[in-house]
Amino acid sequence: MKPLPQNLKYSTTHEWVRIDNEIATVGISDHAQALLGDVVFVELPEIGKTLSSGDEIAVVESVKAAADVYSPVPGQVTAVNPKLQDSPELINQDPYDQGWLFQIRLQGDLPFTLLSAEDYQALLDAE
Amino acid sequence: MLIFEISARNRRAAVQAPRPIATPKDIPQHLLRTSRPLLPEVSELQTVRHYTQLSQKNFSIDTQFYPLGSCTMKYNPRGVHALASLEGFISHHPLTPEAHSQGYLKSAYELQDILAHVTGLNAVSLAPMAGAQGEFAGVAMIRAYHLARGDTARTEFLVPDAAHGTNPATAVMCGFKVKEIPTDKNGDVDLDALKQAVGPHTAGIMLTNPSTLGVFERQIRTIAKTVHEAGGLLYYDGANLNAILGKTRPGDMGFDVMHINLHKTFATPHGGGGPGSGPVAANDRLKPFLPIPRVAFENQTYRWLTEKDCPQSIGRLSAFVGNAGIILRASIYARLLGREGLCRVAEYATLNANYLMVRLQKAGFTLAFPTRRASHEFIITFKQEAKTLGITAKDIAKRLLDYGMHAPTTYFPLLVAECFLIEPTETESKEELDRFVDALIAILEEAKTSPELLKQAPHTLPVRRLDDLKAAKDLDLRWQGTIA
Amino acid sequence: MPFIPHTDEDLAQMLAVIGAPNIEALFDEIPKDLRIQGLPDIASGLTEMEMTREMKQRAAQDTVLACFLGAGAYEHHIPAAVWQLASRGEFLTAYTPYQAEASQGTLQLLYEYQTMMASLMGLEVSNASLYDGASALAEAVLMAVRANPKLSARRILLPANLHPHYRKTVETLVLPQGLQLDILPINEHSGTLDLAILKTEQEDLAALVIAQPNFYGGIEEVDALCDWAQAQGALVIAVVNPTAMALLKEPGAWGKNGADIACGEGQALGVPLAGGGPYFGFLCTKMAYVRQMPGRLVGRTVDQIGNTGFSLTLQAREQHIRRSKATSNICTNQGLAVTAATIYMSLLGATGLADVAKASHAKAQQLAAALIKLPGVSLGFKAPFFHEFVLKLPCPAASLIKALLAQDILAGFDLGLVSEQFKNAVLICVTETKNNADITAYVAAVESALSSISIEETSHAHI
């Protein structure tokens, strides 16, 4: 298992989020990709869509499973990862960087349920 | 080789088609087809040889032990198949007037009657074409019942986490939100969680009993009371009916409606994944909502009941009457067995399952619920072997194929890790069960001495282990060549 | 014991291993008050010989009739090889190909079927089949709503000349999800869809359904309808007769972009009438929508050492994995009926299937032309038809059907059952199975029936 990047926030549903000013970049954690196995397809949101935190926004599909991705933060979708269309395996190979899913322009407060790397690690250890 | 690859341009089995004529002139040119569809161009012998050879690449009940849990792969009697294929039945148009359909209608009516007795629910519709459609019918009936009473607040359906995937999928198709109910460590529904979950929004609950965990839900009375008191109704998934024929009845347990899988309990052939048939049975409360058509017997004549007779029906599920040929087979099978034979089905299915379970336990395999009786099926888990030997349930399943046996259901139910759900059925002999135990013992030994043998398995089949990842990623869903 | 192999000795040994005194003890986890003692209300079992005698009598009761009835189920010649092959135990008694390596026969056959059906419809992908034509249309409607990018689009236009049982089935299966079904009217003279709709603009339309041929046998102006619907942001669902598609323009070639989904009843392809089933529904679409497709799909792949093989794929859409988020609750397909259809299409080939379509069409024309020479008889609609047509009669269709039944002729479908307005109209089907003598006999039977019906009615009037 890859070490958890310390600069990211995590959700209890295994998404990570990186916040640069108003823009939040979202992906799924290394733990989540390992559970799913080889990813074969990703369904990404439409650009411009407005979301509340907790909304189902994307689907990551492997051979044997399909997982919903929930938006960890509220806002409007500004970009989706164009490489995933042809190379969904980036989610397995590099979940915290090349395998990002989408970006959101933040609107409103960050939910207090977001976890630090340390707290997320504790959650994983408990599972 | 694909049939297209043995095709040659303009080769034909011409005797099979009518004499050729010119293209009609009355149809406007722009509505006619101009491209030639990609269909095979082969002789009759090539066709016969190709599909005979393909058939030989299948495992089937006729050729192998097939202990697929929750699927009831029992012997499909030849006599039943022959009688359902008689000319009067096979050439019969579904919209033929009833006066010329009495033979079929009588057989369908008799099956309705037998199913009512077996389930303890007194009204039956044979309309659903598969178990999943029966589930849809039952849940839609519950929806219609609440709406007919003006009770529009019931928007949730309860489904145990151990349920078949069809259950939650069905509830959603019927417009409900799904609430999952957890299972306790003995395989029973978590009653406290259930009590928390029910309320004025509860439309009903979907349950299988014996459950998909292969054990009888002992608190079923309490569950029924809890749901009924909250104003919800109970749906019974009949997947495991083989276990209880003549021993107990869903109607007596408190269920309001259920489906029966004729292709499981009533021995109709599975046909490589269908056709099935999933009749629904209901108590008086839900009877008016049953799907149409149903068969009635009045003034010494059988007739179809339609919208006019059943104004509250949830409606039609197919263009005609459901899978008539399957209904006919199930009716013939049930009457061949009769009351004694139907009870023996449950007895010997349960005997075979418990025998197999105890033998495997004694041989060192891990049971998921060691303190429980098996119903007609049971679960073993290879969680330990996965940890210590690095061998998965999938590896063992694939290796079993090399021993000439179909693998049990793997990785279902989802609650038990690395599991096999094993259902031998009543039609297998003791010798066959012993061979299965011997095979599993031998495979476990191989897992210790030569694990690669398992990881690379199967070795003796037409293909080695297939690349599912490639199948899902580089989608190749039709041949795109041209016939030379 | 029927179909149970155990000897008394087996039983004793097995109980000893289990440590149970008798079989009854194995049911001890069922609460006592829920136990029943057998099934006394069911009759005793029969021997195969007794059963054979009884079923032969029943089959004889359901007389074999000269079939001029279609209305969604069609009598065609089925080559002898089709069911001899499909009934092989290895096809008949196998289950869903979950263990791909032990199911290569079924899987390769389904891949071949997908290739044939997709090509017959002129589309890119076919699933491995659904239950029947009517339920396949319902699934197509649900799929179109999922596939339409406009989330607000939850309205479907159904043609008024859709098979009435298809319409009822669609209502049952899709209305619980809150969709709206509107009806597109027909032109009274042609019986085909009223093209006045083409001048309108529609909002929130998820899909337009076009039946080709329509329930009355008529051939629709598919190109204009298809282009119009797609310009409204709707998907086009073609519900078609597969035999007809060997002669008529295939859905993938409709209009500028082709229909988005083609579905229908596959029975005509080698599956007997059999009292209404098992038949199979087919569903084809464009690759862009493949993940919204319900039902099983077979893909071609390779094994560990690079040999070609086949397996179920895109299973993550299905209920056993996706549970409440699945594209449908469907698990089985109609594998055996599809096995027959695949063999049927192989034997006939493109030329043979077109010959079946052309012969059926020509014979329907021949019968229609002869019938309209009878006094008081005319065609119900003016549009060209495929192998089924509406005949207007000078009496209720029910009377004619009854009179012809007495001569072992199944005259057609009484349209009065669908609408009071059509009670003097019968829907007649002719396929390649009918020869000149059959057609002559039918005309003679109608002629004599009409004269006796009119005498009867006249004499009733005098009383």
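The values are calculated or read from the model by the stated rules, or taken from the named source; none is laboratory data. The structure displayed is predicted, hence computed values, not measured ones. Glycine also receives a Cβ, built like all others from the backbone with ideal geometry; neighbour counts cover every protein chain displayed. When the accessible area is computed, the model is the full protein with side chains, heavy atoms only, and any ligands, DNA or RNA have been set aside. Shrake-Rupley method; radii C 1.70, N 1.55, O 1.52, S 1.80 Å.
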ask   = Of these, C:106, C:63, which one is open to solvent by 10 Å² or more (accessible area, probe 1.4 Å) and touching a strand residue (DSSP E or B) at 6+ places or on another chain (Cβ under 7 Å)?
value = C:106
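In the stretch B:230-246, how many residues are open to solvent by 10 Å² or more (accessible area, probe 1.4 Å) and touching a residue at least 40 places away in the same chain (Cβ under 8 Å)?
1
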task = Could you list all residues from the stretch C:180-202 that are part of a loop (DSSP other than H, G, I, E, B), farther than 14 Å from residue C:159 by Cα and free of Cβ contacts under 8 Å to residues at least 24 places away in the same chain?
result = C:200
task = Quick one: which residue in C:299, C:277 is at negative phi and either facing chain B (nearest Cβ under 7 Å) or touching a strand residue (DSSP E or B) at 6+ places or on another chain (Cβ under 7 Å) (or both)?
result = C:299
task = Determine, yes or no, whether residue C:419 is open to solvent by 20 Å² or more (accessible area, probe 1.4 Å), under 23 Å from residue B:95 (Cβ atoms) and at pLDDT below 95.
result = yes
note = Screening C:224, C:136, C:207, C:211 for residues that are away from chain B (no Cβ under 13 Å) and either in contact (Cβ under 8 Å) with a residue 12 or more places away in the chain or part of a strand (DSSP E or B) (or both) leaves only C:207
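How many of the residues making up the stretch B:81-104 are in a loop (DSSP other than H, G, I, E, B) and among the hydrophobic types (A, V, I, L, M, F, W, C)?
Number of matching residues: 2.
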query = Does any residue in the stretch B:458-484 that is facing chain C (nearest Cβ under 8 Å) and free of Cβ contacts under 8 Å to residues at least 24 places away in the same chain come within less than 6 Å, Cβ to Cβ, of a residue that is of a type in the set (S, T, N, Q) and open to solvent by 60 Å² or more (accessible area, probe 1.4 Å) six or more places away or on a different chain, and which pairs are these?
reply = B:463/C:307; B:464/C:304
task = Pull up the stretch B:347-373, narrow it to residues that are touching a Gly at 6+ places or on another chain (Cβ under 9 Å) and more than 8 Å from chain C (Cβ to nearest Cβ), then point me to the one that is least open to solvent (accessible area, probe 1.4 Å).
result = B:353
message = What's the total number of residues in the stretch B:1-27 that are within 7 Å of chain C (Cβ to nearest Cβ), in a loop (DSSP other than H, G, I, E, B) and either over 21 Å from residue C:112 (Cβ atoms) or modelled with pLDDT under 95 (or both)?
response = 10
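For every residue, the table says whether it meets (1) closer than 30 Å to residue B:247 by Cβ; (2) assigned to a loop (DSSP other than H, G, I, E, B); (3) not aromatic (Phe, Trp, Tyr).
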| position | (1), (2), (3) |
| --- | --- |
| B:73 | yes, yes, yes |
| B:79 | yes, no, yes |
| B:106 | yes, no, yes |
| B:109 | yes, no, no |
| B:116 | yes, no, yes |
| B:132 | yes, no, yes |
| B:137 | yes, no, yes |
| B:146 | no, no, yes |
| B:153 | no, yes, yes |
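Rundown of residues vs (1) more than 7 Å from chain C (Cβ to nearest Cβ); (2) under 30 Å from residue B:157 (Cβ atoms); (3) at pLDDT 95 or above, yes/no style:
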| site | (1), (2), (3) |
| --- | --- |
| B:62 | no, no, yes |
| B:78 | yes, no, yes |
| B:86 | no, no, yes |
| B:90 | no, no, yes |
| B:111 | yes, yes, yes |
| B:118 | no, yes, yes |
| B:125 | yes, yes, yes |
| B:143 | no, yes, yes |
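Look through B:382, B:436 and report the one residue that is on the phi < 0 side of the Ramachandran plot and in contact with a Pro (Cβ under 8 Å, 6 or more places away or on another chain).
After applying the criteria, what remains is B:436.
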request  = Could you check how many residues of the stretch B:433-484 are open to solvent by less than 40 Å² (accessible area, probe 1.4 Å) and either of a type outside the set (A, V, I, L, M, F, W, C) or not in a loop (DSSP other than H, G, I, E, B) (or both)?
outcome  = 20
Per-region count, the stretch B:29-49, residues more than 7 Å from chain C (Cβ to nearest Cβ) and of a type outside the set (S, T, N, Q) = 2
message = Which condition from (1) touching a residue at least 40 places away in the same chain (Cβ under 8 Å); (2) on the phi > 0 side of the Ramachandran plot is the one that residue A:21 breaks?
response = (1)
ask   = Only one residue in C:330, C:343 is part of a loop (DSSP other than H, G, I, E, B) and facing chain B (nearest Cβ under 7 Å). Which one?
value = C:330
request  = Could you tell me whether any residue of the stretch C:154-162 is under 30 Å from residue A:47 (Cα atoms) and among the basic types (Lys, Arg)?
outcome  = yes
ask   = Hey, any hits in the stretch C:48-55 for a residue that's surrounded by fewer than 17 Cβ atoms within 10 Å (Cβ to Cβ), within 7 Å of chain B (Cβ to nearest Cβ) and not aromatic (Phe, Trp, Tyr)?
value = yes
note = Condition set of a type in the set (A, V, I, L, M, F, W, C) and under 14 Å from residue C:269 (Cβ atoms), scope the stretch C:351-374, selection surrounded by the fewest Cβ atoms within 10 Å (Cβ to Cβ): answer is C:354
task = Among residues belonging to the stretch C:310-327 that are basic (Lys, Arg) and more than 7 Å from chain B (Cβ to nearest Cβ), point out the one that is most open to solvent (accessible area, probe 1.4 Å).
result = C:325
ask   = For residues in the stretch B:34-56 being of a type in the set (A, V, I, L, M) and buried (at least 16 other Cβ atoms within 10 Å of the Cβ), which is nearest to residue C:255 (Cα to Cα)?
value = B:38
note = Residue hits (the stretch C:28-42; open to solvent by less than 70 Å² (accessible area, probe 1.4 Å) and closer than 22 Å to residue B:116 by Cβ) are C:30, C:34, C:35, C:36, C:38, C:39, C:42
task = Look through C:12, C:25 and report the one residue that is among the small types (Gly, Ala, Ser), more than 25 Å from residue C:341 (Cβ to Cβ) and open to solvent by 40 Å² or more (accessible area, probe 1.4 Å).
result = C:12
